[in-house]
Structures are given as C-alpha cells and as structure tokens.
Amino acid sequence: MFRTNELENKVAVVTGTTRGIGKAIALGLAEAGASLALIQRSENDETKREVEQYGVPCKIFNCDLSKPEEVREVIPKVVEKFGTVDILVNNAGVQRRHPAVEFPESDWDEVLNINLKAVWILCQEAGKVMTAKNSGKIINIASLVSFQGGITVPAYTSAKGAVGQLTKALANEWSSKGVNVNAIVPGYIATDMNDALINDPVRSRQILERIPADRWGAPEDFIGPALFLASSASEYVHGHLLAVDGGWLGR
C-alpha cells in the first residue's frame, strides 16, 4: 500500500520535466517527499520552483539527450550531488512524422538516440547504483505503439517498441537484485507532442471515438501510476507495461 510521504529521503531522477507528463510526474514524486533531479535541456526553472514548494531538494541537470557522452555523465553527477539514485523515470522523448518512404535519416537518428539510446544509457548507469545497493525503481515511458504500428511514425514506433522489450530484459536481470523495472504506456494524451493530431479535426475525432473513456488523457493521469511503480506498493511488479490509455488497448 502506498503511504503518504513514503518517498521521503528518496532521490528521483526524471527526464523531460519542463512540461507535460514529465512535469506532472516530477511534481507528484515531490509531493510524496522525494528529492528531485530534473534532467532537461532547457534552462527553464518553472518546474524546479514548483517542486520546491513541497519543501524538497531539487536541482536541474542540463543534458542534451541526443548526445550519448552527455547522457553518460548525468547519473554520476546526480550521485555526487544527492548521494544516490532511488528512482529513475525515463520520460523525455521526441516525435517526427513523415511517410515511411520519405523519412529522413537524420530524423530517424534523432528519435532513436533520444527515445531509446538515452533510455538505455540512463538505465545502465542507474542500474549500476541500484543493483549495488539491492534497491531501486526504474520507470520507462513506453507508448501504445509499443504494441501497435502507428501511422507515419516508423522511428518512434521502433524506439518505443524497443523500450518495452528493454524494460522486460532489464527486469529479468535485475529483479533478483532488488530493482523493479517497469514501464508506463500512455495512450493519446493532450500534450505538445500530439498537437498535430489534436489540430487535425478528422484524425482527432477518429481517435476520440475509439477511446472508451471518451476523452484524451491529461498529464495528471500519470501521477498515480508513477507513484505506484515508484513505491513499495509495487514490490512484486517486474517487467510490466502498465497502460494508461482510457481503455484504448482493451477495445
């Protein structure tokens, strides 16, 4: 069972925290008592200021997730500042849309580097810390396209499909070492990444008609699932892909 302030004295690392799902999860973890390491490319400190209203330590670590050499340095910097890493939320991601026959290689490389390679590196570096102390929670953000093909998003689909399998692979290896590795699978969420779909009246209507909950998701819908997977309430949950999709996959 999740308890109020259960995450006190825990150090949480969250990527992509300036807006959307990442910001909502960071604030939820802070409210539960966790110290926050915000991994973001921007200098925007809005989320940091909101986190600090909960009275918890918070620091921004600037990092371009498209550059593996920068990604590799982040977790050691967090450990140097906070002493450890207890929770990792791999949320940051980018989307590029083109018909498959026209998809630029540069966009493919960008999406795979940020949405998959950076996730792998952060998992690996956090895993070194967590397995050494036999304790830790890793939460990857997958996608409906971890299960479905999507349209005009071959790079995103490839990356998110791999994130789902990476989650299972690491869970198989690290569950016996006290580390829970799971993923959250967002459905169609009203965030900047989906502006193109939201602003397309035909596609937006088609999507909404397919969601049993009869609404697009909101970033705040991810706070509860993230707290569950970050807390002792999920001790026996390993390698699970938790859909937060308004019932889309069940339809």
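The values are calculated or read from the model by the stated rules, or taken from the named source; none is laboratory data. Here the structure is a predicted model, which means the values were calculated and not measured. Positions of Cβ are generated from backbone atoms using ideal geometry, with glycine treated the same way; all protein chains shown enter the neighbour counts. Note: accessible area is taken over every heavy atom of the protein model, side chains too, but ligands, DNA and RNA are not part of it. Shrake-Rupley method; radii C 1.70, N 1.55, O 1.52, S 1.80 Å.
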Item to complete: Using a 10 angstrom cutoff on alpha carbons, build the Gaussian network for the chain and name the most mobile of V79, V13, V179.
Response: V79
Worksheet entry | Kirkwood Rh (inverse of mean 1/r, distinct Cα pairs), the stretch 53-172, angstrom | 15.4 Å
Item to complete: Work out the count of Lys pairs in the stretch 111-197 where the Cα-Cα distance is under 20 Å, with the pair 8 or more places apart or on different chains.
Response: 13
Response to the item:
The correct pair for the stretch 1-53, radius of gyration to one decimal and Dmax as a whole number, both in Å and from Cα atoms, is 10.7, 37
Worksheet entry | Carbon/sulfur fraction of accessible area - the chain, other protein chains in place, 1.4 Å, % | 49 percent
Worksheet item: If you place +1 on the Cβ of every Lys and Arg and -1 on the Cβ of every Asp and Glu, how big does the dipole about the Cα centre of the stretch 84-193 come out, in debye to the nearest 20?
Response: 460 debye
Item to complete: Enter the accessible area of W248 (Å², nearest 10), with the probe set to 1.4 Å and all protein chains included.
Response: 20 Å²
Worksheet item: Looking only at Cα atoms, what is the convex hull volume of the stretch 142-251 per residue, in Å³?
Response: 103 Å³
Worksheet, complete the sentence: With all protein chains present and a 1.4 Å probe, the order of S176, S143, S66 from largest accessible area down is S176, S66, S143
Fill in: Angstrom value of the Kirkwood radius, inverse mean 1/r, which spans all Cα pairs in the chain
18.2 Å
Worksheet item: Check G217: other-chain or 5+ apart residues with amide H under 5 Å from its amide H, H built from backbone geometry?
Response: Y188, I189, A190
Worksheet item: Excluding ligands, DNA and RNA, what is the solvent-accessible area per residue of the chain at a probe of 1.4 Å, expressed in Å²?
Response: 46 Å²
Response to the item:
Those helices of the chain passing the 18 Å axial Cα length cut-off and the mean Kyte-Doolittle cut-off of 1.6 (DSSP H runs only) are none
